[in-house]
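The values are calculated or read from the model by the stated rules, or taken from the named source; none is laboratory data. Computed from a predicted structure; not experimentally measured. Here Cβ is always computed from backbone atoms with ideal geometry, including for glycine, and neighbour counts include all displayed protein chains.
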Amino acid sequence: MSLVPFTYRSRIYYEFAEIDRSEYRSIIEFYEENRKDIDSLDFEEYLELNLVYIQALFEIGAYNELLGSIDEALYMVIDQNIRDFEGKDIYADLLEKKAAALYNLRRTEEAMHVCRELIRMNKNYYMASHLLKRCLLRKSPKYVGRLRAISIFSLLITSASFGLELIVLEHWLQSWFPAVILVRNASLISGIAALVASWLAPQFVSTIQLEKILQDH
């Protein structure tokens, strides 16, 4: 839904509206080339163009530029008590974009803070919970790295044992066969177990942490 009645549109607003909403780079180019004129528009026109510009930045992954504009948009939306834009809760939508941008820029703690703010608004907000869990997974404990290292080391031993079995033992040291097979199988099992644990453990821990956060809010 447009914020501006059709009969009161300015020239720059009309020209901007002519650009297809899926032409993200054209939207960004027009906005940045005409920023001075856009900055002088009435509040409703300026905010609507700014929101479309932010959406375009988000769609092409221009996260630094998005973060440079989004706080002003959030302030205006709060200040004017604007709840709906094109059928969306615009405040929550902007916060979601901000959290995703921070996450993609690896500013994980800041992304988690924004996600918590969204969850305080609505603990059933799926996207906020999903992104918060991804943040928690990114902050996996140090033991996860150790488990992955153990897995790689064990699988290397398995490969070496298999090669030794084929090249040497089969022809010269057949009496060592049982011991080598035992080592190979043990290293294979431990490697797979460590690999599975390195994936399951963070999933389990992050799920518990997320449930606690949701309960606290």
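Structural remarks
- Residues of the stretch 102-140 classified as in contact (Cβ under 8 Å) with a residue 40 or more places away in the chain and over 21 Å from Ala62 (Cβ atoms), total: 10
- The requirement of being modelled with pLDDT under 80, buried (at least 17 other Cβ atoms within 10 Å of the Cβ) and not in a loop (DSSP other than H, G, I, E, B) is not satisfied by Ser129.
- From the list Tyr75, Tyr46, Tyr91, the lone residue that is aromatic (Phe, Trp, Tyr) and more than 24 Å from Ile12 (Cα to Cα) is Tyr91.
- Residue list for the stretch 77-98, restricted to those being buried (at least 16 other Cβ atoms within 10 Å of the Cβ), assigned to a helix (DSSP H, G or I) and touching a helix residue (DSSP H, G or I) at 6+ places or on another chain (Cβ under 8 Å): Val77, Ile90, Tyr91, Ala92, Leu94, Leu95, Glu96, Lys97, Lys98
- Residues being within 25 Å of Asp79 (Cβ to Cβ), of a type in the set (D, E, K, R) and modelled with pLDDT of 90 or more - total across the stretch 2-41: 5
- Taking (1) at pLDDT 90 or above; (2) surrounded by 14 or more Cβ atoms within 10 Å (Cβ to Cβ) in turn, Glu109 satisfies each apart from (2).
- Between Leu51, Leu41, the distinction of being in contact (Cβ under 8 Å) with a residue 24 or more places away in the chain, within 22 Å of Leu118 (Cα to Cα) and surrounded by 14 or more Cβ atoms within 10 Å (Cβ to Cβ) belongs to Leu51 only.
- Members of the stretch 53-87 that are closer than 19 Å to Tyr24 by Cα and not aliphatic (A, V, I, L, M): Tyr53, Gln55, Phe58, Glu59, Gly61, Tyr63, Asn64, Glu65, Gly68, Ser69, Phe85, Glu86
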